[in-house]
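Below is one structure, written out as structure tokens; comments come after it.
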Amino acid sequence: MTLLTVEDLTIEFPRPGGRSGGTTRPVRGVTLTVEPGQTLGVVGETGCGKTLTGLAVLGLLPPAARARGSIRLDGRELLGAPPSQLRAVRGAEIAMVFQNPATAFDPVRPLRTQFERVIRRHRGGSREQAGARAAKLLAEVELHDTDRVLGSYPHQLSGGMLQRAMIALALSCEPRLIIADESTSALDVTVAQQVRRLLLRLQHAHGFGVLFVTHNLGEARDLCDRVAVLYAGEVVETGPVEEVFTAPAHPYTKALLAAVPTVDDDGAPLASLPGEVPADVLAVTGCVFANRCPQAEDLCRSTPPAAHTLPGGRSALCHFADPEVAA
Ligand SMILES: Nc1ncnc2c1ncn2[C@@H]1O[C@H](COP(=O)(O)OP(=O)(O)OP(=O)(O)O)[C@@H](O)[C@H]1O
Ligand SMILES: [Mg+2]
């Protein structure tokens, strides 16, 4: 069974004094899935809605946000579920790993206290048992000097070590899904790659699914099985990562890949494309990418495209998506 299904997710914010009914809609009709043990990359330029999508799955959207659609974990609806149920899911089934590990830890307490608290909340047991479990988890993320690490305050560890410790903390509840948001983008290239390799190894060992949010195409290619490309709040293309990156079906994906000198392991970040995302996407009558699209025709400016299903488990939100690309 599919682990995570996000279907037609739309996120809206009130916009005081604004037009378009006084709302903004930074995420519109997003549909994506994560299979057990697989990694889905969510990629796209800044502001396209990656983080909001991840937060919606975690049930952690800002209070002003209104979300509709469906978010199911193993078929269980999470969108609109009571906060207590969402807290339970976050504690036991979905864990998160964020860009800045320093914020995941309390700066004034040694890691040992924080690990013990989280582990005892999930599993009960004595402090000694929790300490032993923490040491085991740290060894799993290849932090071997566990006594020193557990005795340290967050600022005493390097970014890479803290990121590993955060992954260990995320693993403590044996999650079925990990949401990683720009989790390696604050690290230098070599350390980031080590953390990605570690995530892959842990995934093989534990079988969790990963929703991997990044603006770095090389990183997505390195780690992900499938990819969803977001543009201005919409999924414009999805499919297996190799196929999408070698033969993109959507003009936006093509432009992104063309703008990146290489998508090798060092993962050049996305270069910016000519033109801009429309200031008010709700005022756009046709395709939201039409104003930047080299292939746009009259139809694109007048009528929003529907998602076209392509061979090979792919889809593209484009009137002229090339059905041959995946053949
Ligand atoms: N609390 C909020 N109120 C109103 N609008 C918001 C709020 N949070 C985010 N947005 C808007 O939603 C859009 C998407 O934001 P999001 O943080 O999901 O982007 P992102 O793809 O993660 O970008 P980045 O790569 O910079 O992290 C942005 O344009 C942002 O202005
Ligand atoms: Mg973000």
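The values are calculated or read from the model by the stated rules, or taken from the named source; none is laboratory data. Since the model is a prediction, treat every value here as computed from it, not as a measurement. Neighbour counts are summed over all protein chains in view; Cβ atoms, including those assigned to glycine, are modelled from backbone coordinates with ideal geometry.
Identify the single condition in (1) modelled with pLDDT under 95; (2) out of contact with any Ser or Thr (no Cβ under 9 Å at 6 or more places or on another chain); (3) within 16 Å of Thr39 (Cβ to Cβ) that Cys173 does not satisfy, given that it satisfies every other one.
Looking at each condition in turn, Cys173 falls short on (3).
Output yes when any residue across segment 15-30 is surrounded by fewer than 19 Cβ atoms within 10 Å (Cβ to Cβ) and hydrophobic (A, V, I, L, M, F, W, C), and no when none is.
So far as segment 15-30 goes, no, none of its residues is surrounded by fewer than 19 Cβ atoms within 10 Å (Cβ to Cβ) and hydrophobic (A, V, I, L, M, F, W, C).
When segment 35-57 is examined, which residues are found to be within 9 Å of ligand 2 (Cβ to nearest atom) and under 16 Å from Leu3 (Cβ atoms)?
The one that is within 9 Å of ligand 2 (Cβ to nearest atom) and under 16 Å from Leu3 (Cβ atoms): Gly54.
Can you name every one of the helices (runs of 4 or more DSSP H) wholly within segment 133-236 that holds 1 or more residues which are within 16 Å of ligand 2 (Cβ to nearest atom) and buried (at least 20 other Cβ atoms within 10 Å of the Cβ)? Working first, answer last.
Numbers: elements: 146-151, 159-171, 189-206, 217-223.
The qualifying helices (runs of 4 or more DSSP H) are 217-223.
Checking Pro175 against (1) away from ligand 1 (no atom under 16 Å from the Cβ); (2) within 13 Å of Phe98 (Cα to Cα), which single condition isn't satisfied?
Tallying (1) away from ligand 1 (no atom under 16 Å from the Cβ); (2) within 13 Å of Phe98 (Cα to Cα), Pro175 fails exactly one: (2).
When Val241 is evaluated against the numbered criteria (1) within 16 Å of ligand 1 (Cβ to nearest atom); (2) within 13 Å of Thr39 (Cα to Cα); (3) modelled with pLDDT of 95 or more, which criterion, by number, is the only one it fails?
That leaves (1) as the condition not met.
Out of the residues in segment 58-95 that are within 15 Å of the chain's Cα centre (by Cα) and within 16 Å of ligand 2 (Cβ to nearest atom), state the one that is farthest from Phe13 (Cα to Cα). Don't jump to the end; show me each part of the working.
Residues of segment 58-95 that are within 15 Å of the chain's Cα centre (by Cα), as a first pass: 58-61, 71, 94-95.
Subset that is within 16 Å of ligand 2 (Cβ to nearest atom): 58, 60-61.
On the way: Leu58: 18, Leu60: 14, Leu61: 11 Å.
Per the stated criteria, the residue is Leu58.
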